[in-house]
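Data block below; observations after.
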Amino acid sequence: MDNRINYYKIAATGVAKMMNMEKYLGSETALEKKLVELVKIRVSQINGCAYCINMHTQEARKLEETEQRIYLLNAWEETDLYSAKEKMALEFAETLTLIANNKISDELYQQTRVFFDEKEYADLIFLINQVNSWNRLSIAMGNKI
């Protein structure tokens, strides 16, 4: 990885805290692995983080996600390739990522809860927050692929 400073060394404690959240999201959540990667890709697309888009598309492929679903992710609303649950997660991820422009309304909350129980809802928020944090860190540090 090529970046402006070696933040893994300079801010090792901060990076370790973020990695702890990654461990939590990888082992203590019931969110499906493919759904997790789709959300990570979509949030990274919104934020324009090439480094993270590259990483998460590779991870999605390891989970046998199809090329078609990866390529069409930025137009998920216009296709039937995604399940209703996946579409709900993507809509929620977009809204939360762009929260300054879009609030999490009671209606969106209720729609999301149809597909996600309380724990999954909380984990979805943690996931979206985490990928937004990584995107911002990666972009600010100038990570290159």
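The values are calculated or read from the model by the stated rules, or taken from the named source; none is laboratory data. It should be emphasised that the depicted structure is a prediction, and the values quoted were computed from it without experimental measurement. Neighbour counts run over all protein chains shown; Cβ positions are idealised from the backbone, glycine included. The area values use the complete protein model at the heavy-atom level, side chains included, leaving out ligands, DNA and RNA. Shrake-Rupley method; radii C 1.70, N 1.55, O 1.52, S 1.80 Å.
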In segment 96-138, how many residues are surrounded by fewer than 19 Cβ atoms within 10 Å (Cβ to Cβ) and aromatic (F, W, Y)?
4
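Of the residues K34, K40, which is touching a residue at least 60 places away in the same chain (Cβ under 8 Å) and closer than 18 Å to L63 by Cα?
On the way: K34 fails: touching a residue at least 60 places away in the same chain (Cβ under 8 Å).
On inspection, the qualifying residue turns out to be K40.
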Within segment 50-80, count every residue that is farther than 17 Å from E32 by Cα, open to solvent by 80 Å² or more (accessible area, probe 1.4 Å) and of a type in the set (S, T, N, Q).
2
Which one of these is over 27 Å from K144 (Cβ atoms) and either surrounded by 12 or more Cβ atoms within 10 Å (Cβ to Cβ) or not hydroxyl-bearing (S, T, Y) (or both): E86, E22?
E86
Look at segment 43-55 and say how many of its residues are touching a residue at least 60 places away in the same chain (Cβ under 8 Å) and under 11 Å from the mean Cα position of the chain (by Cα).
4
Selection within segment 57-102 - over 17 Å from S44 (Cβ atoms), of a type in the set (A, V, I, L, M) and in contact (Cβ under 8 Å) with a residue 24 or more places away in the chain:
A84, M88
So is D2 modelled with pLDDT under 95 and exposed (fewer than 14 other Cβ atoms within 10 Å of the Cβ) or not?
yes
Quick test of your reading of the structure: A100 fulfils all but one of (1) out of contact with any Lys or Arg (no Cβ under 8 Å at 6 or more places or on another chain); (2) part of a helix (DSSP H, G or I); (3) farther than 19 Å from L25 by Cα. Name the failing condition by number.
(2)
